[in-house]
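Beneath this line is the structure, given in structure tokens, with notes to follow.
The values are calculated or read from the model by the stated rules, or taken from the named source; none is laboratory data. These numbers were taken from a predicted model, which means no experiment stands behind them. Glycine also receives a Cβ, built like all others from the backbone with ideal geometry; neighbour counts cover every protein chain displayed. SASA here: full protein model, heavy atoms, side chains in, ligands and nucleic acids out. Shrake-Rupley method; radii C 1.70, N 1.55, O 1.52, S 1.80 Å.
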Amino acid sequence: MSQSVSIPAPKPHNQVVASPTTTTTLHDRMAARRDSIVNSKIREAKVLHPVDNEHLRLLILENISQEAVKAFQSQGFHVDHHTKAMSEDELVEKIGQYHAIGIRSKTKITERVIKAASKLLVIGCFCIGTNQVDLETAAKAGIPVFNSPFSNSRSVAELVISEVIALSRQYFQRAFEMREGIWNKQSKGCWEIRGKTLGVVGYGHIGSQLSVLAEAFGMRVLFHDVVNIMPLGSARQVESLNALLNESDFVTLHVPELPETLNMISGAQLAEMKKGSYLINNARGKVVDIPALVDALKSGHLAGAALDVYPSEPGSNGSPFDDQLNSWSSTLRSIPNVILTPHIGGSTEEAQRMIGEEVSSALTRYLNYGSTMGAVNFPEVDLRAITAEQQGIRVCHVHNNIPGVLRQVNEVLSPYNVEKQFSDSKGDVAYLMADIADVSPSDINKLRELLSKTSANILTRLLV
């Protein structure tokens with residue numbers, strides 16, 4: 001029989017040992033705990049890998065940042081990188097061999113694509129918007145979707161400020177005339193932006209940054225949002241969209257594409273805008289009724305407009321932006337003082353680098369550790385890292401959100417030591433993570449098989 005021997009720890013040279021009657025203050029005890037934490041060895045997190053050890057393959061489209069590609073490759077993932085978007089038919093043909101996909105705004109992940117994606121675990125949108133993905137179908141298939149909601153906010157805000165100045169001074173039109181060999185120096189209809197009113201529709205990360213920049217130029221800022229928000233600086237929230245339109249010299253849109261925002265700026269709203277005012281849209285192409293905008297511009301009610309997004313956009317650089325794509329294209333292009341840009345709001349080196357870092361980190365955390373923090377269509381679940389010294393497996397169990405599932409799962413896990421467990425749900429989908437200790441190699445496949453056979457199972461992964 002083995003015998004355990006207790007060895008007293010040696011005392012440091014100058015340590016003062018308190019007698020039973022000695023009292024220590026709370027400050028002393030907190031200081032001692034702080035020193036203990038600071039001086040303790042910080043253990044590195046253990047890198048987890050799928051039990052089946054299948055080499056993870058990633059499909060990265062639309063010329064996503066090379067830093068993101070390198071980050072994936074540094075994790076040992078196989079990465080296929082393409083500069084252009086893929087059509088639905090191309091994706092259906094190729095997606096079945098990939099475990100993850102990274103896209104921007106042009107690639108559409110439809111229900112048909114998801115059904116063909118037999119191995120797909122996660123989708124990364126390297127942009128703000130996610131309306132190019134069928135989020136509900138992805139969730140029901142056990143596939144979380146991640147995006148980058150904040151990384152390009154500054155880039156978009158700066159573009160809007162540049163458009164405000166360009167429209168107010170008409171220098172976009174003057175520059176075009178100079179390229180045509182026409183000298184047309186004039187001040188009529190050209191204004192300083194100081195003292196003018198900027199109306200911001202949607203006071204989120206972009207809208208709030210924009211308001212700070214606008215005030216730095218001496219502009220008055222109004223904003224309208226569906227929720228009450230604490231303004232930055234001297235910005236003022238107005239109760240209705242019409243109130244904002246009535247008072248603003250420049251109206252800029254920063255809203256998502258939702259059923260309630262489709263054509264939110266149409267003929268009636270344009271009529272509410274001040275005569276000689278300007279409309280700017282860097283949000284989503286379908287939030288503006290563009291034929292109605294064309295009428296407002298041609299009639300002279302609006303003095304100009306700047307558009308960076310459109311209901312239908314070309315799939316790649318060099319493709320035509322013509323009437324076959326949008327029936328009003330040639331008419332809009334012919335109107336003076338209209339700035340048209342090819343969806344470049346977030347297209348800066350800084351924004352693309354930060355987007356690449358943010359989304360690649362989110363995908364890597366999910367593939368390696370199961371974390372869904374930041375997912376837009378999925379329950380957000382995470383567990384603290386397993387350290388390199390610990391032995392065990394991590395269970396990642398996606399299931400339908402119905403009664404009785406946790407009882408079934410816990411019955412499967414009951415023979416083992418569950419060190420930590422967390423579960424959450426969103427809509428019809430629930431996600432459970434659990435770290436299990438002392439699971440023998442022979443039990444791993446059995447454990448996965450039992451969890452996969454539970455009545456509500458959507459997807460079960462085991463990471464070791």
Inter-part gap, Cα centre of segment 68-125 to Cα centre of segment 277-333, in whole angstrom, is 30 Å
Enumerate the calculated ³J(HN,Hα) couplings along segment 115-121 in order (Karplus 6.51 cos²θ - 1.76 cosθ + 1.60, θ = phi - 60°), each rounded to whole Hz, writing x wherever the residue is Gly or Pro.
-> 5, 7, 8, 5, 9, 5, 10
Quick one: if you take sqrt(5λ) for each eigenvalue of the C-alpha gyration tensor of the chain, what semi-axes come out, biggest first, whole angstrom?
-> 52, 30, 20
By a straight-distance test (C-alpha under 13 Å), which aspartates and glutamates pair with K196 as possible cross-link partners, with residues fewer than eight away in the same chain excluded?
-> E215, E247, D249
Tell me, rounded to the nearest percent, the portion of alpha carbon pairs in segment 161-210 spaced more than 16 Å apart.
-> 53 percent
Considering only Cα-Cα distances, which of the following residue pairs are longer than 23 Å: K70/K286; K115/K446; K420/K446; K94/K115; K140/K286; K94/K426?
-> K70/K286; K115/K446; K140/K286; K94/K426
Amide proton proximity set for V133, modelled H, under 5 Å, gap of 5+ | I109
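Which helices of the chain meet both criteria: a Cα extent of 15 Å or more along the helical axis and a mean Kyte-Doolittle score no lower than 0.5, with helices taken as whole DSSP H segments?
Working: long enough: 26-39 (20 Å, -0.71); 153-169 (24 Å, 0.80); 205-216 (17 Å, 0.64); 349-369 (29 Å, -0.64); 441-452 (18 Å, -0.52).
Those that pass (Cα extent of 15 Å or more, hydropathy at least 0.5) are 153-169, 205-216.
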Mean ellipticity per residue at 222 nm, deg cm²/dmol - from DSSP H runs of n ≥ 4 across the chain, formula -39500 (n - 2.57) | -9500 deg cm²/dmol
Find, to one decimal place in angstroms, the Kirkwood hydrodynamic radius of segment 259-352, where the mean of 1/r is taken over every pair of different Cα atoms and then inverted.
-> 14.0 Å
Phi angles of segment 300-315, converted by Karplus (6.51 cos²θ - 1.76 cosθ + 1.60, θ = phi - 60°) into ³J(HN,Hα) in whole Hz with x for Gly and Pro, give x, 5, 9, 8, x, 7, 10, 10, 10, 9, 9, x, 10, 10, x, x
Return one whole number: the accessible area per residue of the chain in Å², for a 1.4 Å probe.
-> 52 Å²
Could you tell me what percent of the accessible area of segment 286-336 is made up of carbon and sulfur, with a 1.4 Å probe and every protein chain present?
-> 46 percent
List the relative contact order of the chain as a percent without decimals, with contacts defined as Cα pairs under 8 Å and 6+ residues apart.
-> 15 percent
The ³J(HN,Hα) series, computed from each phi in segment 272-278 with the Karplus coefficients 6.51, -1.76 and 1.60 at θ = phi - 60°, rounded to the nearest Hz and given as x for glycine or proline, is 6, 6, 4, 5, x, 8, 10
For V122, the net charge from surrounding residues (Cβ-Cβ under 13 Å; K, R +1; D, E -1) works out to +4
Once the mean of 1/r over all distinct C-alpha pairs in segment 380-463 is inverted, the Kirkwood radius in Å reads 13.0 Å
